[in-house]
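**Q** Before we start, here is the structure in question, set down as structure tokens.
The values are calculated or read from the model by the stated rules, or taken from the named source; none is laboratory data. Nothing here was measured: the structure is a model prediction, and the numbers come from that model. Here the Cβ is made from the backbone with ideal geometry for all residues, glycine too, and neighbour counts use every protein chain on show. The area values use the complete protein model at the heavy-atom level, side chains included, leaving out ligands, DNA and RNA. Shrake-Rupley method; radii C 1.70, N 1.55, O 1.52, S 1.80 Å.
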Amino acid sequence: MTANITFTIIKPDAVQSNFTGKIIDKILDAGFRIKAMKYLHLSEKQAAEFYEIHKNRPFYNDLIKYMSGGPIVAAVLEKENAVESYRNLIGATDPQKAEPGTIRNLFAKSIEANAVHGSDSNENAAIESSFFFSKLEMF
Ligand code: IDP
Ligand code: MG
């Protein structure tokens, strides 16, 4: 099987808590290669656009405020079976339900402030990566 990509964000709560380095270590230890990475602060408008697929969910407005509330780290990651492998590494959306040792189990604060994003499909990994990075920025 050839390597493919997933997209991640180290979310504002985790950056604020200085977990960025520890989370990147977990990602590299799990065998992912970083294809692109940047540190940035989303506007509310940009966060709303990124999470547009959730616009009908009750937590949407809070999610936009939270995701634009502080700086984040966005990255494109490469590994065999990247999407599923990364979802396994980060654990369940709700950190109370995340397996011990997963990134959300170790670093998340709540179901909303849950430390990291991970794409849910190859299609969304491509859409999300190109939201943050041009082709020239992905090596
Ligand atoms: P995922 O990040 O595990 O794929 P999604 O269902 O796609 O979870 O939700 C996107 C993000 O929205 C979550 O990572 C979390 O930050 C937030 N979220 C999800 N469910 C809830 C909730 O019930 N209350 C508050 N925030 C939520
Ligand atoms: Mg999701």
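**Q** How many residues, within the stretch 82-98, are part of a loop (DSSP other than H, G, I, E, B) and among the polar types (S, T, N, Q)?
**A** Residues that pass the stated criteria total 2.
**Q** With respect to LYS38, is the statement that it is touching a residue at least 12 places away in the same chain (Cβ under 8 Å), charged (D, E, K, R) and within 15 Å of SER130 (Cα to Cα) true?
**A** yes
**Q** Go through (1) more than 12 Å from PRO71 (Cα to Cα); (2) open to solvent by 80 Å² or more (accessible area, probe 1.4 Å); (3) modelled with pLDDT of 95 or more one by one and return the number of the condition ILE27 breaks.
**A** Failed condition: (2).
**Q** A further question on this structure: Among the residues that make up the stretch 16-34, is at least one of them within 18 Å of GLU128 (Cα to Cα), over 12 Å from the mean Cα position of the chain (by Cα) and in contact (Cβ under 8 Å) with a residue 60 or more places away in the chain?
**A** Taking every residue of the stretch 16-34 in turn, none turns out to be within 18 Å of GLU128 (Cα to Cα), over 12 Å from the mean Cα position of the chain (by Cα) and in contact (Cβ under 8 Å) with a residue 60 or more places away in the chain.
**Q** I'm trying to understand the selection: among the residues of the stretch 30-69, which are open to solvent by less than 50 Å² (accessible area, probe 1.4 Å), out of contact with any Lys or Arg (no Cβ under 7 Å at 6 or more places or on another chain) and among the aromatic types (Phe, Trp, Tyr)?
**A** Answer for the stretch 30-69, where residues must be open to solvent by less than 50 Å² (accessible area, probe 1.4 Å), out of contact with any Lys or Arg (no Cβ under 7 Å at 6 or more places or on another chain) and among the aromatic types (Phe, Trp, Tyr): PHE50, TYR51, TYR60, TYR66.
**Q** Report the residue count in the stretch 99-139 for those that are closer than 20 Å to LEU42 by Cβ, more than 15 Å from ligand 1 (Cβ to nearest atom) and either assigned to a loop (DSSP other than H, G, I, E, B) or open to solvent by 90 Å² or more (accessible area, probe 1.4 Å) (or both).
**A** Number of matching residues: 3.
**Q** Now for a different question. I'd like to check something: does the stretch 79-98 contain any residue that is away from ligand 2 (no atom under 16 Å from the Cβ), open to solvent by less than 30 Å² (accessible area, probe 1.4 Å) and within 24 Å of ASN122 (Cβ to Cβ)?
**A** no
**Q** Here's something else I'd like to know. Out of the stretch 99-108, which residues are within 21 Å of ILE34 (Cα to Cα) and within 16 Å of ligand 2 (Cβ to nearest atom)?
**A** THR102, ILE103, ARG104, listed by residue number.
**Q** Let me ask you something else. Specify the residue that is modelled with the lowest pLDDT; the eligible residues are those in the stretch 1-14 that are among the β-branched types (Val, Ile, Thr) and open to solvent by 20 Å² or more (accessible area, probe 1.4 Å).
**A** The qualifying residue modelled with the lowest pLDDT is THR2.
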